[in-house]
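Below is one structure, written out as structure tokens, with a few remarks after it.
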Amino acid sequence: MKDKRLNVRDLVNIGLFSILIFITTFIGGMIGFVPNLIPATTFVAGLVSGPVYYSTKIKKVGMVFITTIILCLVFMATGHGIWILLTGIVGGVLGELILKKGQYKSAKSARMAFTIQSIYTVGNWLPVYFARDSYIKQMIDMGYGEEFTQKMMRVLPDWSLIPLVLFGMLGTFIGCTVGIKILKKHFAKEGVAK
């Protein structure tokens, strides 16, 4: 019977893929430097990081949760608040439950797990909606300037949190679908799958 416990190789994969996912998420989120494009950041970040999510070698219990927590800690280290850790716990647990239902073998379950797990990023956005005034002050203090900050707030009205999260999930779903197609094409080319 195959060992279901995490080993050193699994932990190395978790670390490497966490770095790749963070980098691709960061790259996708860079469109947010244009204030009017900020509402699209979650979609683009999910779209760009989705193929990386899907190519991870997650086959054991705990790998999605650990990856999610690592991503949250990196986001916190780069200046995002503690909220992402709280939403990361929720996203990581939900992702694990979905993967478990697919016995860590189902492509559909993996795609859905990563799509749902991507809600961890909502923690980055919570201060915009629930601590708006202090968030505006923080943005200005960090050097973004009054004009940029006000433009950002105009494109992120109070009602936009849920659409922002849903667009991020949609981007991740599409990105994972691209990842599935890439892997199928690669394995077919290698003669492993048809």
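The values are calculated or read from the model by the stated rules, or taken from the named source; none is laboratory data. Predicted model only: the values in this text are computed from it and were never measured. No Cβ is skipped: glycine too gets one built from the backbone with ideal geometry, and neighbour counts run over all protein chains shown. These accessible areas exclude ligands, DNA and RNA; they are computed on the full protein's heavy atoms, side chains included. Shrake-Rupley method; radii C 1.70, N 1.55, O 1.52, S 1.80 Å.
Data table
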| quantity | calculated |
| --- | --- |
| Residue identified as of a type in the set (A, V, I, L, M, F, W, C) and either more than 20 Å from the chain's Cα centre (by Cα) or not in a helix (DSSP H, G or I) (or both) among Ile162, Ile136, Ile119 | Ile136 |
| Total residues in region 6-40, condition free of Cβ contacts under 8 Å to residues at least 60 places away in the same chain, of a type in the set (S, T, N, Q) and either assigned to a helix (DSSP H, G or I) or open to solvent by less than 60 Å² (accessible area, probe 1.4 Å) (or both) | 3 |
| Residue among Leu126, Leu86, Leu170, Leu71 that is open to solvent by less than 20 Å² (accessible area, probe 1.4 Å), on the phi < 0 side of the Ramachandran plot and assigned to a helix (DSSP H, G or I) | Leu71 |
| Selection within region 55-68 - part of a helix (DSSP H, G or I) and open to solvent by 40 Å² or more (accessible area, probe 1.4 Å) | Ser55, Phe65, Ile66 |
| Residues satisfying the stated conditions in region 1-43, i.e. under 15 Å from the mean Cα position of the chain (by Cα), of a type in the set (Gly, Ala, Ser) and farther than 20 Å from Val64 by Cβ | Gly29, Ala40 |
| Residue within region 95-118 that is basic (Lys, Arg) and buried (at least 19 other Cβ atoms within 10 Å of the Cβ) present | yes |
| Hits in region 139-154 - residues which are part of a helix (DSSP H, G or I), open to solvent by less than 50 Å² (accessible area, probe 1.4 Å) and under 18 Å from Gly79 (Cβ atoms) | Met139, Phe148, Thr149, Met152 |
| Inter-residue pairs, beta-carbon under 6 Å, first farther than 22 Å from Val74 by Cα and in region 121-136, second assigned to a helix (DSSP H, G or I) and at pLDDT below 95, 6+ apart | Ile136/Thr149 |
| Condition met for Gln103 (touching a helix residue (DSSP H, G or I) at 6+ places or on another chain (Cβ under 9 Å) and without any contact (Cβ under 8 Å) to a residue 12 or more places away in the chain) | yes |
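Yes or no, residue by residue, for (1) open to solvent by 30 Å² or more (accessible area, probe 1.4 Å); (2) more than 15 Å from Thr68 (Cβ to Cβ); (3) modelled with pLDDT of 95 or more; (4) of a type in the set (Ser, Thr, Tyr):
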residue: His80; (1), (2), (3), (4): yes, no, no, no
residue: Ser134; (1), (2), (3), (4): yes, yes, no, yes
residue: Pro163; (1), (2), (3), (4): yes, yes, yes, no
residue: Gly175; (1), (2), (3), (4): no, yes, no, no
